[in-house]
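Below: one structure, written as structure tokens.
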Amino acid sequence: MPTATTYNKDAIRDLLSEVKDPEIPVLSIIDLGILREIRINEDRVTVRITPTYSGCPAMKAIEKEIEKTLKVNGIQNYEIKKDFSETWTTDWMSEGAKKKLKDYGIAPPGKTEKEDDFFKTLKGSSRIIPCPYCDSTNTELQSEFGSTACKSQYYCYDCEEPFEHFKCI
């Protein structure tokens, strides 16, 4: 049976690339930048993850999928560490992840704004979010909250489709 010493970091990363976000199943924990580090110390694997935010309901499911993936592949001696020392940001998402979001019908986040621009947005100066279906900028914010707290709801006046936008965090 394989053990932690059978695998190197790249092999474990490949295994964990199959762990998907349960709220957005086209994205893996690697696409999202949640997986921060893999350490192998003798026969023990430590996987360090940073939650997208402290109350994210998907994190428990993600941890269980990491556990399942490691166990199914013969890695029984492991630890999953949730690390809050760094604040997750949408800037950690890969460009491939943003394309997958758009193809899935969710407008991807752009780069995070400077703090001043962020507070302007909070005060009501909404940003123009292109429609993921037709790329039109003739869109309007309908609700700050979509199906999850990390998404907002928009409407496109050109293709007449509602869509969600993954918020810049």
Checklist entry - Out of all the residues in the range 49-72, which are in a helix (DSSP H, G or I), surrounded by 13 or more Cβ atoms within 10 Å (Cβ to Cβ) and among the aliphatic types (A, V, I, L, M)? => result 58, 59, 61, 62, 66, 70
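Residues of the range 78-91 being in a loop (DSSP other than H, G, I, E, B), surrounded by 13 or more Cβ atoms within 10 Å (Cβ to Cβ) and out of contact with any Pro (no Cβ under 7 Å at 6 or more places or on another chain), which ones? Talk me through it step by step, then tell me what you get.
Just the residues of the range 78-91 that are in a loop (DSSP other than H, G, I, E, B), to begin with: 83-89.
Going one step further and asking which of them are surrounded by 13 or more Cβ atoms within 10 Å (Cβ to Cβ), we end up with 88-89.
Matches in the range 78-91: 89 only.
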Checklist entry - Mind checking which residues of the range 8-47 are in contact with a helix residue (DSSP H, G or I) (Cβ under 7 Å, 6 or more places away or on another chain) and among the polar types (S, T, N, Q)? => result 17
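With the structure loaded, tell me whether residue 75 is buried (at least 20 other Cβ atoms within 10 Å of the Cβ), part of a loop (DSSP other than H, G, I, E, B) and modelled with pLDDT under 95 or whether it fails that test. Before you say what the answer is, go through the steps one by one.
On the way: buried (at least 20 other Cβ atoms within 10 Å of the Cβ): yes; part of a loop (DSSP other than H, G, I, E, B): yes; modelled with pLDDT under 95: no.
Criteria not met by residue 75.
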Next on the checklist: If I ask for residues that are charged (D, E, K, R) and not in a helix (DSSP H, G or I), which ones from the range 16-48 would you list?
Outcome noted: 18, 20, 21, 23, 36, 37, 39, 42, 43, 44, 48
Next on the checklist: If residue 119 meets every condition in (1) at pLDDT 95 or above; (2) exposed (fewer than 15 other Cβ atoms within 10 Å of the Cβ); (3) under 19 Å from residue 165 (Cα atoms) apart from one, which number is that one?
Outcome noted: (1)
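The values are calculated or read from the model by the stated rules, or taken from the named source; none is laboratory data. Remember, predicted model here, so these are calculated numbers, not experimental data. As a convention, Cβ positions derive from the backbone with ideal geometry for all residues, glycine included, and neighbour counts pool all protein chains shown.
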